[in-house]
Amino acid sequence: MLPLNAQKKLQVWIRSRHLICTGNFFIFETVDSTTIDRFSQCIEALGGSVISVDSIGKIWIGDRRPVILYRTKASLHTPHHQIKLYWIKYGSFRTRFDPHV
């Protein structure tokens, strides 16, 4: 994946509140396990690395459909990366799956 495409994809996830920044780490939450692979490719294309992938529980979509929620923790090794600056401008401190929203 090209770095420019990876950066654009991460920006989409920031605006949709799937991707947040906490300290030096990026936290990505999704219910689709194949999206984790795309996220990993994007992070690696920008020079970062995925630290962990965890299943953090089930959430309900609709009345009868429980799905597994995955949380991926990643790090970009450059301190002032443009993705972090983009998150400061357009991002949120909570993901769309946060129960406190």
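The values are calculated or read from the model by the stated rules, or taken from the named source; none is laboratory data. Model, not experiment: these values are computed from the prediction. Ideal geometry is used to build each Cβ from the backbone, glycine not excepted, and the neighbour counts take in all protein chains shown.
Taking the range 26-72 as the region of interest, how many residues are acidic (Asp, Glu) and over 21 Å from Gln11 (Cβ atoms)? Before the answer, list the steps.
Residues of the range 26-72 acidic (Asp, Glu): 29, 32, 37, 44, 54, 63.
From what is left, the residues that are over 21 Å from Gln11 (Cβ atoms) are 54, 63.
Result for the range 26-72: 2.
Quick check on my filter: what residues within the range 30-47 are surrounded by 21 or more Cβ atoms within 10 Å (Cβ to Cβ) and not hydrophobic (A, V, I, L, M, F, W, C)?
Across the range 30-47, the qualifying residue is only Thr30.
Let's see how each residue does on (1) at pLDDT below 90; (2) touching a Phe, Trp or Tyr at 6+ places or on another chain (Cβ under 8 Å); (3) of a type in the set (Phe, Trp, Tyr):
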| residue | (1), (2), (3) |
| --- | --- |
| Leu46 | no, no, no |
| Val50 | no, yes, no |
| Val53 | no, yes, no |
| Asp63 | yes, no, no |
| Arg71 | no, yes, no |
| His77 | yes, no, no |
| Lys89 | no, no, no |
| Phe97 | yes, no, yes |
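Residues of the range 1-19 being in a helix (DSSP H, G or I) and surrounded by 13 or more Cβ atoms within 10 Å (Cβ to Cβ), which ones? Full working, then the answer.
Filtering the range 1-19 for residues in a helix (DSSP H, G or I) gives 3-15.
Across the range 1-19, the qualifying residues are Ala6, Gln7, Lys9, Leu10, Gln11, Trp13, Ile14, Arg15.
Could you tell me whether Ile27 is closer than 18 Å to Arg96 by Cα and touching a strand residue (DSSP E or B) at 6+ places or on another chain (Cβ under 6 Å)?
The answer is yes for Ile27.
Checking the conditions here, which among Ile27, Ile51 is part of a strand (DSSP E or B), exposed (fewer than 14 other Cβ atoms within 10 Å of the Cβ) and touching a residue at least 24 places away in the same chain (Cβ under 8 Å)? Step through it out loud before you land on a result.
On the way: Ile27 fails: exposed (fewer than 14 other Cβ atoms within 10 Å of the Cβ).
The unique qualifying residue is Ile51.
I want to confirm something. Restricting to the range 38-48 and keeping residues that are more than 11 Å from the chain's Cα centre (by Cα) and assigned to a helix (DSSP H, G or I), which single residue is farthest from Lys84 (Cα to Cα)?
Among those residues, the one meeting the criterion is Gln41.
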